[in-house]
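Please read the structure below before turning to the comments.
Readers should treat all values here as calculations from the given coordinates under stated rules, not as data from a laboratory. Note that the coordinates shown come from a computational prediction; the quantities given were computed from them, not determined experimentally. Cβ placement follows ideal geometry from the backbone for every residue including glycine, while neighbour counts extend to all protein chains displayed.
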Amino acid sequence: MSEIKVDAIGPRVDSGTLTIGAAGDTVNIAGTAGTGFPTPTTGIAASAITTGTMATARLGSGTASSSTFLRGDQTYAEAGGGAVNLITTITVSGTSTSSIEFTGLDNSYKMYMIDFTNFKQTRAGSTGASMYLRIITSGGTQTGSNYDHAGLRIIGSAGNGTWGNTGQTAVPLTPSNVKIEEGFNARFFIADPSQTTNRKYCWYNFAAPDPSGALMTGVAVWSYQANDAFTGIHYYTSGDNFTAGSVAKLYGVT
Amino acid sequence: MVQIKNVDGVEIEMSIKEITQRETDIVKVTADKKAEDNAIVKKETDKASANDKLKALGLTDDEIEAIKS
């Protein structure tokens, strides 16, 4: 191996191009890279890379995409386990909103969840069951007497109880003695809304205070007396409006 | 007053049909609440009446409590 020792090598003219080797050659640079280093093939310390974004192919094998993650063995792979994907957020504003709707339920997910976070109504001193839900089908919001519901409530100071009915025009979300203006927190589950083989049995749980301020929680099941596919859920308040800042979110569960 | 419904995060004005449905719902809820209140009052009245009849038969309060549990 021959060796040339000089202090600098540059192009023949200032700001010109210096070419070392040719296509197909292997050029090894044994020293430590400095700032503004050109593009050698080997010998660059990782700490010398200070700008730009590394190509995903340089980090691991497999296909890098928005749905894959880089594992410790430097392989891109699908994320394991299930996931809860936020689909839609509704935040009530103003003082005239008396209903909200989530649409777009289909067979993209086998399970949908709807969360109510600190949902309130404007009516002070309210104690009646005045928050309801109805299903939306291809025929629109269903208002016929086809809703059944049954629930169990647990109240800290006043004992437990049940509530329920059949053939109603909507599903009341709470038993009659809930202090709704204090905030209603709930999670609703709608399983397989697109199937039309049999009736769908949906459920939810909630937390809210009763009129005396005692803690109340409950769980309830509801069903529509037909096999129609649900394309959405319609919530409404009867007689007053939802309070601005009330938040509801629709999730798809994989 | 304009009534609003929020569909997937977008506020839209309720249609005449929807407002009519809302008015129907309010009437029904009011009637249901009244029926529920009446049922509660009747239950309390029946309970007091039954208690009085049991006492008239000579049962003590403890004995009445015992047969209720």
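Inter-chain Cβ neighbour count for B:31-37, averaged per residue, equals 3 (cutoff 10 Å, partner chain atoms only). Neighbouring Cβ atoms from other chains, within 10 Å of the Cβ of residues in B:3-16, number 6 on average.
When the convex hull of its Cα atoms is viewed from all sides, chain A shows a mean projected area of 25.0 nm².
About the centre of its Cα atoms, chain A shows a dipole size close to 440 debye [charges on the beta carbon of Lys, Arg (+1) and Asp, Glu (-1) only; nearest 20 debye].
Taking the C-alpha atoms only, the angle from helix B:16-56 to the longest principal axis of chain B is near 0 degrees.
Its convex hull of Cα atoms gives the stretch B:4-68 a direction-averaged projected area, equal to a quarter of the hull surface, of 7.6 nm².
Over 19 Å between C-alpha atoms is what I'm after, so list which of A:K200/B:K17; A:K110/A:K200; A:K249/B:K33 land there. Among A:K200/B:K17; A:K110/A:K200; A:K249/B:K33, the Cα-Cα distance tops 19 Å for A:K200/B:K17; A:K249/B:K33. Can you give the local net charge around B:E11? Use residues other than it whose beta-carbon is closer than 15 angstrom to its beta-carbon, Lys and Arg +1, Asp and Glu -1. Counting the neighbours of B:E11, the net charge comes to -3. Other residues within the sphere of radius under 14 Å centred on the Cβ of B:R22, judged by their own Cβ, net out at -2 (K and R +1, D and E -1). Of the trypsin sites (Lys or Arg not before Pro) found in the stretch A:178-226, those that fall in a DSSP loop while having at most 16 other beta-carbon atoms within 10 Å are A:R199.
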